[in-house]
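Visitor: Mind looking over this structure? Questions follow.
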Amino acid sequence: MNEILKMAFGALGVNKLRSILTMSGITIGVFSVIGVMTAVSALRGSIETGLSFLGSNTFQFAKWPTGITGSGTDWQKIEARKRITFQQAERYAEIMKPYAEVVCFKVFNNDSLVQATAGGHKTTPGVTFGGTNEYFLIANQYSIEAGRNFTGGDVDMVRPVCIIGQDISSKLFPAQNPIGKTLKANGRTYMVIGTFAAKGTMFGQSEDDIIMIPISRYLMDFGAERYSVNITTQAPSQIAYNATMDEGISAMRVCRGLRPEQDNDFEVYSNDSLIAAFAKIADVISAGAFIISAIALLAAGVGIMNIMLVSVTERTKEIGVRKAVGARKVVILTQFLVESVVLSVTGGLFGIVLGTLAGDGLAMFLKVSIVFPWGWALTGVIVCSVIGVVFGLYPAWKASSLDPIDALRFE
Amino acid sequence: MTPPAPVESRTVRPVGPLVISIEGVTKLYHMGDETIHALRGVSLEIHRNEYLAIMGPSGSGKSTLMNMLGCLDTPTSGKYEFSGQNVASMVDDELADIRNREIGFVFQTFNLLARSDALKNVELPLIYAGLPPQVRHERATAALESVGLGNRVHHKPNELSGGQRQRVAIARALVNRPSIILADEPTGNLDSKTGVEIMELFEDLYEKGNTLIVVTHEESIARHARRIIRLRDGLIESDGPVD
Ligand SMILES: Nc1ncnc2c1ncn2[C@@H]1O[C@H](COP(=O)(O)OP(=O)(O)OP(=O)(O)O)[C@@H](O)[C@H]1O
Ligand SMILES: [Mg+2]
């Protein structure tokens, strides 16, 4: 076997350029599918394990759907929806009290890039800046590093206080305790009452580059009429999740003043629906990659067959010599089959390496953890071997059944 | 190289058992509507340790007969027994095995693998005989030394002279210790001096007990053999010892 492989590499080495060109077809085919699969599984892995922007057993109501939506979304209808007001949100929380304690309200800055300053220090523009209540921690899986969380009082009293992420803390208050200090965000002054523990990044965005203030204060400072409140509700347990969501939806309908025959005029989404939406997109991209690779691999297979046929013709005399000194049919068949498999698998290995690099490059760009797609790589190698065998079989068979005398006479 | 031994002093070694026996062998080639009778019924017996020359004008069927004796080709009709085995009815792989183990074929055009060095070329039959690399290497080196190419083992065919290439081809024919060595016009492509060297090598092989069949159209070459068969139009015209 060793011998045959050496022979195959030797034979392919004679026509390096030709071999490389033939291989590149396979490389491209494998590259596209492995690249996409690596990127998708890196994203999927990070979404499914670390779906950290939503807490467990939570669902959300919002005017706007998330960025991830299928086609066929009726944007005009959504546009026409009335925003969810703070009053509606408070009423909702009131109604939901018997079913769910954790009801988090959120509004986020949605126009100009926010830059925070404090004592001559500046953050980069584009800080996540918003208003919320004391349940922000639970609903969004943040925790307090130092200082304290918001209280109901902060919201009720509309206090100008804030909790800041580690990025902000280190930029505005390097080597100091930020608690009790003040900062300016969007032209208003807030006192730091706490810092969030570092969380890392999600989809290329730091989650520590954040300033949150009481929602009541936010709406007062920046105009209640300009914001629609996002409501996150956490069910007390996994078991109560569906029931709580049903209660939540009817409570929300009441708050929104909907008549029974009217459709919901708000979006409902949950971790599951986000995962499902992502999975749907991932499936479409994967299917696309599959089709492209299948076509590329088919074309590459035909290319291999073509080159192998040329090679058999070119080496007719060699085949004749080998047969004349006693090579059996199966030996010649194997020799050529191994050559085409080596060609195809080598091309495939390059494709796997390049595809993984590209996919993980994207993953790194998006700051999600990189993966090596063992399953896909193995599948790739197997598929390439099969391509090598299938498209090499006819040329190899042709070589093995040459008549020794005719082959030797071939000029 | 020692000068060729004078003809009178040559030994005629006692022949061994029967190796090749053909009877009424014909070979037809179809070229469109036309049928070419390359062999029209040839019968022949060759014993171990014979030294045979096959002569005849161009197109008389020498190569056709040789290819058949070398199991590269099968007869259209007739009987061919090699060491008592019926060759005519053998399938491709059986023929391949016979070629590998029993026959050393020296081609007029050398037929070496251009990309492999002398050693690899000589090793080729041993690879197909399934011998381990170590043994192959030793035997191929020994075979090359026996034809005087011990210092050329890593030369590729295009780095060798015509005579050296022919000797590589002979080493390859010898290396698997075949029962019989067949050479189709082994000196046809060589100048007369190199031709003489090759014939001396054959003489040597004969003296060592090998069986040799050499096709030639040169009387002087044929006279190195101990028996001459003359072909004409696909039939044996004469068959007898060298006088
Ligand atoms: N593959 C073939 N197809 C058709 N005819 C063939 C084939 N091989 C040989 N012949 C014919 O068979 C006859 C014998 O050919 P062969 O090669 O045996 O002659 P030869 O005695 O070796 O001649 P030379 O001395 O020129 O080599 C010739 O007439 C030749 O044309
Ligand atoms: Mg001839």
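Visitor: Considering only residues that are away from ligand 1 (no atom under 16 Å from the Cβ) and at pLDDT 90 or above, look in segment B:178-198 and name the one that is nearest to residue B:133 (Cα to Cα).
Guide: Checking each candidate, the answer is B:178.
Visitor: Can you list the helices (runs of 4 or more DSSP H) lying wholly within segment A:124-209 that have 1 or more residues being under 26 Å from the mean Cα position of the chain (by Cα)? Even if it seems obvious, please write down each step before you answer.
Guide: Working: elements: A:136-140, A:152-156, A:166-172.
So the answer is A:136-140, A:166-172.
Visitor: Look at residue B:184 and say whether it is within 16 Å of ligand 2 (Cβ to nearest atom) and within 14 Å of chain A (Cβ to nearest Cβ).
Guide: Answer is yes for this residue.
Visitor: What is the number of the single condition among (1) small (Gly, Ala, Ser); (2) closer than 25 Å to residue A:270 by Cβ; (3) not in a helix (DSSP H, G or I) that residue A:112 does not meet?
Guide: All conditions pass for residue A:112, except number (2).
Visitor: Kindly check whether there is at least one residue in segment A:6-25 that is modelled with pLDDT of 80 or more, out of contact with any Gly (no Cβ under 6 Å at 6 or more places or on another chain) and not in a helix (DSSP H, G or I).
Guide: Yes, the conditions are met somewhere in segment A:6-25.
Visitor: Still on this model: If only one of B:16, B:70, B:56 is in contact with a Ser or Thr (Cβ under 9 Å, 6 or more places away or on another chain), of a type in the set (Gly, Ala, Ser) and closer than 24 Å to residue B:201 by Cα, which one is it?
Guide: B:16
Visitor: Checking the condition within 14 Å of chain B (Cβ to nearest Cβ), surrounded by 15 or more Cβ atoms within 10 Å (Cβ to Cβ) and either on the phi > 0 side of the Ramachandran plot or away from ligand 2 (no atom under 16 Å from the Cβ) (or both), which residue from A:363, A:407 passes?
Guide: A:407
Visitor: Continuing with the same structure: Within segment B:98-154, track down each residue that is facing another protein chain (nearest Cβ under 9 Å) and basic (Lys, Arg).
Guide: B:99, B:101, B:115
Visitor: Same structure, new question: Select the helices (runs of 4 or more DSSP H) contained entirely in segment A:296-400, then report the ones holding at least 1 residues which are over 26 Å from residue B:73 (Cβ atoms). Steps first, please.
Guide: Details: elements: A:316-324, A:329-365, A:374-400.
Passing ranges, in order: A:329-365, A:374-400.
Visitor: Right, next: Consider residue B:79 carefully, then state whether it is surrounded by 15 or more Cβ atoms within 10 Å (Cβ to Cβ), within 14 Å of chain A (Cβ to nearest Cβ) and more than 15 Å from ligand 1 (Cβ to nearest atom). First the steps, then the outcome.
Guide: Values: surrounded by 15 or more Cβ atoms within 10 Å (Cβ to Cβ): yes; within 14 Å of chain A (Cβ to nearest Cβ): no; more than 15 Å from ligand 1 (Cβ to nearest atom): yes.
So residue B:79 does not fit the description; no.
Visitor: Test each condition in (1) surrounded by fewer than 17 Cβ atoms within 10 Å (Cβ to Cβ); (2) within 16 Å of ligand 1 (Cβ to nearest atom); (3) under 14 Å from the mean Cα position of the chain (by Cα) for residue B:101 and report the one that comes out false.
Guide: Residue B:101 satisfies all of (1) surrounded by fewer than 17 Cβ atoms within 10 Å (Cβ to Cβ); (2) within 16 Å of ligand 1 (Cβ to nearest atom); (3) under 14 Å from the mean Cα position of the chain (by Cα) except (2).
Visitor: In addition: Exactly one condition in (1) within 14 Å of another protein chain (Cβ to nearest Cβ); (2) more than 10 Å from ligand 1 (Cβ to nearest atom) is not met by residue B:27; state its number.
Guide: Unmet condition: (2).
This table checks each residue for (1) within 14 Å of another protein chain (Cβ to nearest Cβ); (2) buried (at least 17 other Cβ atoms within 10 Å of the Cβ).
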site	(1), (2)
A:295	no, no
A:323	yes, yes
A:346	no, yes
A:349	no, yes
A:352	no, yes
A:377	no, yes
A:383	no, yes
A:391	no, yes
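Visitor: More than 16 Å from ligand 1 (Cβ to nearest atom), within 23 Å of residue B:206 (Cα to Cα) and surrounded by fewer than 18 Cβ atoms within 10 Å (Cβ to Cβ): is that true of residue B:115 in this structure?
Guide: So residue B:115 fails the test.
Visitor: Residue check: is residue B:88 among the aliphatic types (A, V, I, L, M), more than 16 Å from ligand 2 (Cβ to nearest atom) and out of contact with any strand residue (DSSP E or B) (no Cβ under 8 Å at 6 or more places or on another chain)?
Guide: no
The values are calculated or read from the model by the stated rules, or taken from the named source; none is laboratory data. Just so it is clear, the model here is predicted, and its values are computed rather than measured. Here the Cβ is made from the backbone with ideal geometry for all residues, glycine too, and neighbour counts use every protein chain on show.
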